[in-house]
Amino acid sequence: MSDGPVNMKLSDLTNQAGEWLRGSGPMSEIVISSRIRLARNVSGFPFLSRCSAHQRQALETRIRDTILSCRLASRTLYVDLEAAPEIDRLLLVERHLISKPHAMASGARGVAIDEQETASVMVNEEDHLRIQVLRSGLQLEEAWEQINPIDDLLESKLDFAFHPRFGYLTACPTNVGTGIRVSVMLHLPALKIVGEIEKVFRAAKDMRLAVRGLYGEGTEATGDFYQISNQATLGKSEEDIISEFKHNVIPKIIDYEHHARKALAKDKPVLLDDKVCRALGTLRTARLMTSEDALSLLSHLRMGVHMGRVRDVDINKVNDLFLNTQPAHLQKMQGKRLDGDARNAARADYIRHRLGGDAKGE
Amino acid sequence: MKCDKCGKPASVIVTEIQAGKKVERHFCEACAAQNEGFPVKSHTPINELLTNFVLAHSGAQKEGASACENCGITWSDFRTQGLLGCEQDYTFFEKELTPLLQRAHEGATHHVGKTPARRGSSAGPARRMPDLAKLRKELTRAVEAEDYERAAKLRDSIRQAEAGE
């Protein structure tokens with residue numbers, strides 16, 4: 001082992017579960033993951049929309065060198081996203097390590113990822129740095145305890161743009177101040193089935209929080225996954241925002257979902273079992289499976305396993321299926337580009353095989 | 001009707017009260033612009049007229065046109081793109097940004113929370129910032145309790161603390 005951080009390869013990631021769907025951590029039957037990100041900019045450089053190609057490159061080099069010399073982790077993977085093939089960039093989106101716009105942008109940019117896939121730093125996204133910590137289950141305080149020292153460490157080497165009145169300065173004024181975005185990904189299938197998902201939207205609206213889909217801003221809530229995040233970043237401390245989430249917002253929504261699950265089991269057990277068994281039956285027998293179908297069927301199966309309605313499927317297997325049936329993961333696993341029906345067939349095969357369903361071609 | 005100056009058909013009528021008497025003068029567009037300082041363009045669409053009127057009276061036209069010396073963006077550039085160009089824009093456009101920040105951040109206009117350690121000594125801003133936050137909270141409470149004497153004292157302390165930043 002060398003003294004410096006050991007660089008990892010992207011393929012090292014695909015061999016592990018991926019933090020966001022590891023399925024561990026407190027309240028993991030409902031809370032998929034907790035995420036905190038901090039937006040930071042290097043003082044003296046324009047924000048990215050006004051950077052020349054030369055400035056952008058200089059920033060990328062400087063931030064990358066700083067991250068790698070800081071030893072954020074014992075093993076760090078740095079991906080040069082300008083050079084990386086599209087499939088690799090999409091794989092990182094599917095693992096929630098970079099945003100979709102960051103994957104699809106152009107120009108010098110990258111991402112640093114720690115060995116455990118809990119911490120990552122996007123370089124040259126909307127802001128010069130977007131530091132992120134992602135942890136399974138409800139672990140917001142743990143995420144803050146992890147991200148705060150990373151921010152301190154980077155700050156000791158980089159002069160971050162800061163204003164006494166406005167706090168950390170960001171390209172978009174909606175992020176200014178703490179630059180913090182706290183997001184919790186929730187799995188709420190029962191609320192959807194009983195037709196009470198509106199309660200979540202109302203609660204979020206009352207608390208001035210945003211509700212988004214699986215991959216963040218501008219995406220739909222597929223597979224009954226909902227991401228709740230704060231909007232205000234100015235005038236509230238990081239600890240206050242986190243504490244509000246942990247003590248007010250999330251317990252309330254978890255309660256709604258628990259209540260809906262109990263009501264289903266008590267009042268409509270046949271309907272509940274029908275949803276779960278139909279999902280398992282289709283997953284074990286289908287020959288063509290789109291991403292959307294897989295997500296919604298796996299969602300019902302996940303609920304069924306957690307509620308004890310299905311005994312012969314392990315929850316880790318379900319979480320693995322969520323991750324690996326996404327388009328880039330599937331293609332990476334198959335080692336080739338797959339389009340349309342070929343991809344849907346490969347997805348169906350993989351799921352059938354993993355769930356012990358019909359053998360291929362029978 | 002003909003122009004009082006050149007005899008061409010007149011399209012501008014100027015009514016003035018001179019020594020208590022109503023005097024009407026007629027000009028063509030060119031003479032009106034030259035002699036009376038009226039705009040030549042006679043067919044300004046109503047929406048443009050209204051926009052110009054509103055902008056002129058809100059002072060926004062002037063602000064929208066001035067560019068940040070550091071990055072070169074104008075306020076209207078920002079309104080179109082939604083992104084600022086550099087850190088100095090926060091100072092340059094402070095007046096315009098304030099109401100927008102209030103809308104986006106539940107009425108807040110001041111940062112509360114983490115401060116870079118290098119901003120002053122270890123006993124400096126990092127510690128002072130939470131104090132300021134505490135003072136602001138106390139001020140809100142004092143106002144709510146209608147304790148204006150205390151509120152005034154707190155306001156002065158906040159001003160003092162801010163000036164020291």
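The values are calculated or read from the model by the stated rules, or taken from the named source; none is laboratory data. This one's a predicted model, so the numbers in the text were calculated from it and none came from an experiment. Glycine also receives a Cβ, built like all others from the backbone with ideal geometry; neighbour counts cover every protein chain displayed.
Every residue, every condition in (1) part of a helix (DSSP H, G or I); (2) surrounded by 21 or more Cβ atoms within 10 Å (Cβ to Cβ), yes or no:
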residue: A:Arg212; (1), (2): no, no
residue: A:Gln227; (1), (2): no, yes
residue: A:Gly235; (1), (2): no, yes
residue: A:Glu239; (1), (2): yes, no
residue: A:Asn248; (1), (2): yes, no
residue: A:Ala260; (1), (2): yes, yes
residue: A:Gly281; (1), (2): yes, no
residue: A:Arg287; (1), (2): no, no
residue: A:His300; (1), (2): yes, yes
- Note on the structure: Residue set A:Leu209, A:Leu214, A:Leu234; condition under 19 Å from the mean Cα position of the chain (by Cα), among the hydrophobic types (A, V, I, L, M, F, W, C) and within 13 Å of chain B (Cβ to nearest Cβ); output residue A:Leu209
- Note on the structure: Within segment A:170-185, residues out of contact with any helix residue (DSSP H, G or I) (no Cβ under 6 Å at 6 or more places or on another chain) and away from every other protein chain (no Cβ under 14 Å) come out as A:Ser183, A:Met185
- Query: How many residues are within 13 Å of chain B (Cβ to nearest Cβ) and among the small types (Gly, Ala, Ser) when one looks only at segment A:138-163?
  - Reply: 2
- Within segment A:269-282, is there a residue that is at pLDDT 95 or above and touching a Gly at 6+ places or on another chain (Cβ under 6 Å)? yes
- Task: Return the pairs, sorted by first residue and then second, in which the second residue is assigned to a helix (DSSP H, G or I) and surrounded by fewer than 16 Cβ atoms within 10 Å (Cβ to Cβ), the first residue lies in segment A:52-64 and is touching a residue at least 12 places away in the same chain (Cβ under 8 Å), the beta carbons are less than 8 Å apart, and the residues are 6+ apart or on different chains.
- Result: none
- For segment A:41-78, name all the residues that are under 25 Å from A:Cys172 (Cα atoms) and assigned to a strand (DSSP E or B). A:Val42
- State all residues of segment B:97-122 that are touching a Lys or Arg at 6+ places or on another chain (Cβ under 9 Å) and more than 9 Å from chain A (Cβ to nearest Cβ); if no residue qualifies, say none. B:Gly120
- Unmet criterion (only one of (1) among the aromatic types (Phe, Trp, Tyr); (2) more than 30 Å from A:Leu297 (Cβ to Cβ); (3) surrounded by fewer than 17 Cβ atoms within 10 Å (Cβ to Cβ)) for A:Tyr168: (3)
- Message: Condition check: away from every other protein chain (no Cβ under 12 Å), out of contact with any Phe, Trp or Tyr (no Cβ under 8 Å at 6 or more places or on another chain), in a strand (DSSP E or B) and closer than 28 Å to A:Phe47 by Cβ. Does A:Val121 satisfy that?
- Response: yes
- Is one or more of the residues making up segment A:126-135 over 29 Å from A:Pro251 (Cβ atoms) and surrounded by fewer than 22 Cβ atoms within 10 Å (Cβ to Cβ)? yes
- Selection from segment A:79-88 of residues that are assigned to a loop (DSSP other than H, G, I, E, B) and touching a Gly at 6+ places or on another chain (Cβ under 8 Å): A:Leu81, A:Glu82
- Message: Looking for something in contact with a strand residue (DSSP E or B) (Cβ under 9 Å, 6 or more places away or on another chain), more than 14 Å from chain B (Cβ to nearest Cβ) and either modelled with pLDDT of 95 or more or surrounded by fewer than 20 Cβ atoms within 10 Å (Cβ to Cβ) (or both) - is there at least one such residue anywhere in segment A:45-61?
- Response: yes
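For (1) of a type outside the set (Asp, Glu); (2) under 17 Å from A:Asp151 (Cα atoms); (3) in contact (Cβ under 8 Å) with a residue 24 or more places away in the chain, each residue gets a yes or a no:
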{"site": "A:Thr66", "(1), (2), (3)": "yes, yes, yes"}
{"site": "A:Leu77", "(1), (2), (3)": "yes, no, yes"}
{"site": "A:Asp80", "(1), (2), (3)": "no, no, yes"}
{"site": "A:Leu90", "(1), (2), (3)": "yes, no, yes"}
{"site": "A:Arg95", "(1), (2), (3)": "yes, no, yes"}
- Query: For segment A:318-348, which residues satisfy the criterion of being aliphatic (A, V, I, L, M) and within 19 Å of A:Ala286 (Cα to Cα)?
  - Reply: A:Val318, A:Leu321, A:Leu323, A:Leu330, A:Leu338, A:Ala342, A:Ala345, A:Ala346, A:Ala348
- Can you pull out the residues in segment B:76-95 that are within 20 Å of A:Ala161 (Cα to Cα) and either part of a helix (DSSP H, G or I) or within 16 Å of the chain's Cα centre (by Cα) (or both)? B:Phe78, B:Asp89, B:Tyr90, B:Thr91, B:Phe92, B:Phe93, B:Glu94, B:Lys95
- State yes or no: is A:Arg135 modelled with pLDDT under 90, assigned to a strand (DSSP E or B) and more than 14 Å from every other protein chain (Cβ to nearest Cβ)? no
